[in-house]
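K.L.:
Here it is, the structure, as structure tokens.
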Amino acid sequence: MEMIKVNVENVNGILVTTSNRVAKELGVSHKHLLEKIEGYIEKFTKAEVSALGENTGNISKTESSVLGENTGNIAKPESLGFGGNLDFTEFYIPSSYKVKGNFKSYKNYLITQKGIAQLIGGYNASVPIAFILNVAYINEFERMRKELQGKRPMTRKMESIRKEITLNNKLTYHGVPILITRQLNKLVGYDISLKLSTVKGRSVLRNEEIKSLKRENAILSNQLTYTAIYYQKNLEELLKKIKELRAFKDEITEYFISNEIETRLQQDSNNIEIALKLLDNITDTAVKERISIGILEKMGY
């Protein structure tokens, strides 16, 4: 089954599409679709009024005239499958749009995932494309939801804690070069912790291990209570699982190489020869030059 490409947008943190877009995709007039949406909204409203009437034990004459004499046929929230607390804006959000070259605003609705399921489902019998379109929207809403989860913005507190931890800070654990989650978040510019949790082979440090890490790396904040760490051996898996990091492959590779060289220089001056051999294995001239300058600075030149 060939999937249709559909568009879902993030509007103030809510994933939606638009009624005029859906009308075009279904091949029906926007006016007809608006009537269908407003028919559902009317049912929601009547269901709420009906629930209120049940709670008070009666319906006033005014309410009866609005609802019609046959109040027994009013749909209740439970019968619609939405539970007792019904709010139509969880399905359809009143909005408007403008046509290019025209200053007039036209009425439409923003439609949530719940609204799409109800609205397009109502066309399944009469519009052949409705089923495929519904599946396409289910997939796109799910894709967008996962993408938003992976791009959780850093809060001001998180940003203030993490701003000092970058690839310029060479971190080690028991003398072995490592990266921590904060460095990778800072590198891509937003929180990818959820995605990083899928990386195989990573280690998570807590309690005494965290204390040991902070003793070894004075730059780390006292507010760090746990972290995942990544060794050079995890690099391939990192790049495979986290597409955002692929653009920084060279920077991460250079980080591990220069970190290992600097660590060896600090551990024992006799390791200078080993460090220089590691440097010889680097084929990128620009990278080699930057690391060489770093070595000279460490040695006091």
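K.L.:
Go through Lys200, Lys233 for me and flag whichever is modelled with pLDDT under 90 and charged (D, E, K, R).
P.N.:
None of the other options fit; the residue is Lys200.
K.L.:
Quick check on my filter: what residues within the range 114-129 are modelled with pLDDT of 90 or more, out of contact with any strand residue (DSSP E or B) (no Cβ under 6 Å at 6 or more places or on another chain) and not aliphatic (A, V, I, L, M)?
P.N.:
Lys114, Gln118
K.L.:
So, Gln266, is that one surrounded by 12 or more Cβ atoms within 10 Å (Cβ to Cβ), under 26 Å from Ile210 (Cβ atoms) and modelled with pLDDT under 65 or not?
P.N.:
yes
K.L.:
State whether the residues of the range 171-193 include one that is at pLDDT 90 or above, loosely packed, with under 12 Cβ neighbours inside 10 Å, in the same structural domain as Phe256 (by TED's automatic domain parsing) and part of a helix (DSSP H, G or I).
P.N.:
no
K.L.:
Right, something else. Quick check: anything in the range 36-58 at pLDDT 90 or above, assigned to a loop (DSSP other than H, G, I, E, B) and within 20 Å of Tyr137 (Cα to Cα)?
P.N.:
no
K.L.:
When you check Glu251 against the structure, is it surrounded by fewer than 20 Cβ atoms within 10 Å (Cβ to Cβ), in a helix (DSSP H, G or I), in contact (Cβ under 8 Å) with a residue 40 or more places away in the chain and more than 22 Å from the chain's Cα centre (by Cα), yes or no?
P.N.:
yes
K.L.:
Oh, and also: Please find, within the range 194-230, the residue that is surrounded by the most Cβ atoms within 10 Å (Cβ to Cβ) out of those that are of a type in the set (D, E, K, R) and in a helix (DSSP H, G or I).
P.N.:
So the residue we want is Lys195.
K.L.:
Does at least one position in the range 105-113 carry a residue that is at pLDDT 50 or above, exposed (fewer than 11 other Cβ atoms within 10 Å of the Cβ) and touching a strand residue (DSSP E or B) at 6+ places or on another chain (Cβ under 9 Å)?
P.N.:
no
The values are calculated or read from the model by the stated rules, or taken from the named source; none is laboratory data. What you see is a predicted model, and the numbers here were worked out from it, not measured in a lab. Backbone-built Cβ (ideal geometry, glycine too); neighbour counts: all protein chains shown.
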